Structures are given as structure tokens and as C-alpha cells.
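Undergrad: One structure coming up, written as C-alpha cells, with questions to follow.
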Number of protein chains: 2
Amino acid sequence: MSTRAALDTEAYEVVAPSQRTSRRSCKRENDEACRECAVRSVSVCDALEPDDLATLNLLKEKLCFNPKETLFYQDDSALSVYNVTSGSVRLYKLLPDGRRQIVGFMMPGDFIGLSLSERNGYSADAIDTVHACRFNRADFVSFVVAKPNLLRKLHEAATHELTLAQDHMVLLGRRSADEKMASFLVTMRDRLIRLGSSAVTIPLPMTRQDLADYLGLTLETVSRVISRLGRERVLLVVPNGIRILNSARLEELGAS
Amino acid sequence: MSTRAALDTEAYEVVAPSQRTSRRSCKRENDEACRECAVRSVSVCDALEPDDLATLNLLKEKLCFNPKETLFYQDDSALSVYNVTSGSVRLYKLLPDGRRQIVGFMMPGDFIGLSLSERNGYSADAIDTVHACRFNRADFVSFVVAKPNLLRKLHEAATHELTLAQDHMVLLGRRSADEKMASFLVTMRDRLIRLGSSAVTIPLPMTRQDLADYLGLTLETVSRVISRLGRERVLLVVPNGIRILNSARLEELGAS
DNA sequence: TCCGAGGATTGATCTGGATCAAAGCATTCA
DNA sequence: TGAATGCTTTGATCCAGATCAATCCTCGGA
């Protein structure tokens, strides 16, 4: 059963998925080949030799999603898998009464659909404008079966995500609001550094509600914590992001 | 860096790992071949043909751990991977100040060390008496590389664990104490049913503190919730376990 | 330039679960 | 048989974060 109906009536407004009209502003850009892909080195595709990369290139469909547009819904049949090339995506699960837990933010180079399973375990929406490669799941699975290198890479990616999930459990189950925020910012900074950003300023395209649903807090608490850390000169709130002023203090708070 | 030092001085008393003396009461039982293994059908080994199973059999070492004995510590170099054949294991992460989050309970058929990575992402102790097959990690990795079937199975197991981890995040981040307990019991019951148990009574070999550290609560809250559900005739506390009396009510509370 | 909508912030108050404290209950060992 | 040890339960109180309720930006469109 899809959670689409629930979504439409709940607090989380989204844009309907898979409708050509809603993606009109973003044209297809299939001219860009996998071999020239900017995020290849940080994504699972890096496991492939030039020949196989060329084959993969034929399977891909480059798409663009507008802010708030939904890629797919939890429990729907999983027709596709995705590789994010730019922008940020929120992955989340909803309880029947509308409570939401964001289980991850996906960024350039991240692969969505590692489980290769029949149904989506969560919903996914674009936070800002998102570019992604889409693959038909069945085609992709067939391709993977013949490419042990790629399967190994997918397995590595899956176990890496599992490690992140376990860290997230510690955060949700055992940390205070301040620690949650600090830990999130430190993790985000390190992730951006790995993506090649200078990361003095951390861009936060998501709303306070998104942060709250990621950290297991309310949006008011997130706002208060950020304000307090601002007052303490640990960070500085800038438009669409946060600048870290006192990295040592933040790391101390977020220490794992 | 190992968290062993922290453990020794903290509230969670454990038995030192890898000392032959502490395992003296459990003799080696390498006579039991993989092909006759009771949990094979529910474990990753099921991916192997008879020939390969015989090879794996030579790699395995059947071990027994006493209650509270530690299999390995978080952050230590990962020398082995394990397949649990009987008993229960807690996997947990510790914060520097001793706060603990249990990230999973492993039961017969479960594989520990799916990530095949260099270091342990968590610590693991036996809860009750545990029997497990141990494999040298390097040997196991070499074996896997030549067996795509097994790699596929490991990947499936990893993504299944990821799904469980995501459900656990929802539980930790967005559910009340009652819902956490109910959801845990329902999940445990279904897991036992899949293992072939009747599961009218759910054995709980772990302590209230373990449950608390799994659910992101305190042991007092766990005790109070169980007492309340007992008073409401939803369940009955029995020695070393819980009997579900009102399954419908429990499922309603634990609904996802 | 003003207006409206969608965030974000801040304040006042409430409460679920934590914390502190004291029994209670089995085992095991002397 | 008693007493020590290691859970578990129950009670009293406290507090971090939730909830309820105004404002307060900020930015895009008229």
C-alpha cells in the first residue's frame, strides 16, 4: 500500500511524482556521458571499466527534479534506482498518524535503492533542485549480476550506509538536543569536505522541520539550539546555511 | 582505539574476550558439518552448493561463549566474522561517557560482520550461552570473492539489516515508550516465528537495561511500561520472557 | 511599495520520561 | 539457613524538550 493518500492530507506538502509536467523546467541532458560524470569518482559507478561504463551510460536516464518534488513513495513498487549528481534528497518514513522520521539526506554521488528490492522502504523527495541518473531497476539488477566489481561496490556502499544508520541510532537514542545538532553539523561538514567543498560554511537547503525530523526533535527545539549555539559564538547563522566559528567546541559536543 | 578501557571502568560489566579459560565450559564441536547445520536454511550459507559448503566447513571454527562474554570490541581490528547458531548476542555502541545504544540483537542464523571491514563498528557480547561459527575475516573475504552467489546473499543480508536499522530509527526518533515496547515485542515475535518458534511466549534473555538501551529509554521506564501492559492484560510477565495476551492491542500500539 | 505566504524565532507553559531513592525477589554460595 | 549479589519493581520528584501561541523575517509577485 502506498502512503501517498496519507501524504496528501498531512502537514508535509509535496509535489506529485512522475508527472512530466512537474519536470518541465528541467530538460533532459542525456548528452553528458558517464565517463565525464563529475561525481563518478565518489559513486558506485567508479567500479566499472570504460567498456562497462559505456554500457551503463546507455541504461541511464538523466533527470531533474524541482524542489519538493517526490522521487518515489514508501511501499510503492520500486521501478527505478537513482544516482544523485547534484542537489539534496530527503529519505523518510511516515507513521500512520503522520509523524515523520528522516532516515537520511542523500547528496551528490549517493546511490538510492541499494537494496534492489521490490518495494521502496521509504519515500524520497528533492529538497532543492536535484539532478539524478535514473535506471530501470530490473535492467540495473541484470547489469549488476554480470559485474561482480559493481556488486562489491554496492555491498560496500550498503554496509557504509548501515554504519551511518547505526551512528544515527546512537544519536536518536542517546544524545541530547545540543549533541544531536553538533553531531549533525560535524558529520555534514566532513561529508562536504569529502565531496571537495571547503566547508567553512555548511549549506543547509533543508527546513528546520526537516532537521527536526532527522534529529528526532521538534522544529522549535532545533531553532532554539541553533540560536543558543549562535549566541555562544559556536556558529553563525547565514542565509541557507550555517558557518562554524568554533569547530573545537562543536566537535566536543558532537563527540562519538 | 579500543573502548575496552572505558568498558572496564563503566557500569556494564563484561567478561574478557578471547581467553581460552573463559570458554572452558564450552568445548569445541567441530564435528558438526555445515551441511547438517540447523540454521543453514536461514543463514547466508544457504547460498552455497554442497562442494562450496564443504570448503566453508573447513574454514569454520565452532565456538561457544558464556553469558556476558564479549565476542569483540568496537574499534578493534576485525579479525573474524561470525554466524550465530544458538543463543542471543547484543551489538552496541558506547559514547565516551558510557551511554550505550544497542543497535541490534543477533539470533540464530544471523551473520555478524557483514561489512567485512577492517575495524569493528560496534562491540558484541553474548547475552546467554551462545554458539557460533567463527571465520577468519581475511579467509572469508577471499572465499566470498570467488562466490558471487554468496556475495549476493551477503548483500541481501546487509540491505535487510539496513531496513531493520531504518525501522529502528523511526522507533528511536518518533515513538513513545509504550509504542517502543509494543513494536519491539511484535518484531521479536515475528522474528521467532520465522525461526520456527510457536512464539506464544517471547523469551527475553536480555536484562531490562539491555531493553532500555535498545529502545532509547531507562530501565525504570521499561519496567513501568511492562508493568502497565501487564495490568492492562495486554501481556503477562513470565520468568525470562513475556507472554502476549492481547496481540491485537499490541499490534495497534506498535503499528508502523 | 505593499502584501501574502512560507519559513524561522521566541516566549510561556506543560508533560513524558529521566533521575533519585528505596524495597522486593531470586539465585548462588558459605 | 542466611546473607550477599544482581536484577526488577515501585514511588517521589525533576527537567529537557514538547506543545501552544505569537511575532518576525524574507522574498516573490502585484
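Please treat every number below as a calculation from the coordinates, not as lab data. These numbers were taken from a predicted model, which means no experiment stands behind them. No Cβ is skipped: glycine too gets one built from the backbone with ideal geometry, and neighbour counts run over all protein chains shown.
Undergrad: What order do you get for A:LEU229, A:LEU58, B:LEU164, B:LEU195 when you list them from fewest to most C-beta neighbours inside 10 Å?
TA: Ranking A:LEU229, A:LEU58, B:LEU164, B:LEU195 by Cβ neighbours within 10 Å, fewest first, gives A:LEU58, B:LEU195, B:LEU164, A:LEU229.
Undergrad: Using a 10 angstrom cutoff on alpha carbons, build the Gaussian network for chain B and name the most mobile of B:SER223, B:SER43, B:SER183.
TA: Taking springs between Cα atoms under 10 Å, the residue moving most is B:SER223.
Undergrad: Can I ask one more? So what J values fall out for the stretch B:221-234 if you push phi through Karplus, 6.51 cos²θ - 1.76 cosθ + 1.60 with θ = phi - 60°, rounded to Hz, Gly and Pro as x?
TA: Whole-Hz 3J(HN,Hα) from phi for the stretch B:221-234: 5, 4, 4, 4, 5, 4, 4, 4, 4, x, 4, 7, 6, 7.
Undergrad: Under 19 Å Cα to Cα from B:LYS153, which lysines show up? Leave out anything in the same chain fewer than 8 places away.
TA: Within the straight-line limit of under 19 Å, B:LYS153 reaches these lysines: A:LYS147, A:LYS153, B:LYS60.
Undergrad: Give me the distance in nm between label points sitting 7 Å out from Cα along the Cα-to-Cβ direction at A:ARG231 and A:ILE193, one decimal.
TA: Label-label distance for A:ARG231 and A:ILE193, simple model: 3.0 nm.
Undergrad: Using Cβ counts within 10 Å as a stand-in for footprinting exposure, how do A:GLU61, A:GLU220, A:GLU161 rank, fewest first?
TA: In order of increasing Cβ crowding within 10 Å: A:GLU220, A:GLU61, A:GLU161.
Undergrad: Now for a different question. For the pair A:HIS160 and B:SER256, how long in nm is the line joining their label points, each one 7 Å along Cα→Cβ?
TA: 2.5
Undergrad: Calculate, for B:ARG208 and A:LEU58, the FRET efficiency according to 1/(1 + (r/R0)^6) with r their C-beta to C-beta distance and R0 56 Å; round to the nearest 0.05.
TA: 0.45
Undergrad: Further, regarding this structure: Using Cβ contacts closer than 10 Å as the measure, can you line up B:ILE102, B:ILE112 from fewest to most?
TA: Exposure proxy ranking, most exposed first: B:ILE112, B:ILE102.
Undergrad: For B:LYS68, which aspartates and glutamates qualify as cross-link partners when the Cα separation must be under 19 Å and same-chain residues fewer than eight apart are set aside?
TA: Output for B:LYS68: B:ASP8, B:GLU10, B:GLU13, B:ASP76, B:ASP110, B:ASP125, B:ASP128, B:ASP210, B:ASP213.
Undergrad: What length, rounded to one decimal in nm, is gained on full extension from B:ALA146 through to B:ALA38, with 0.36 nm per residue of separation minus their alpha-carbon distance?
TA: Separation in residues times 0.36 nm, less the Cα-Cα distance, equals 36.4 nm.
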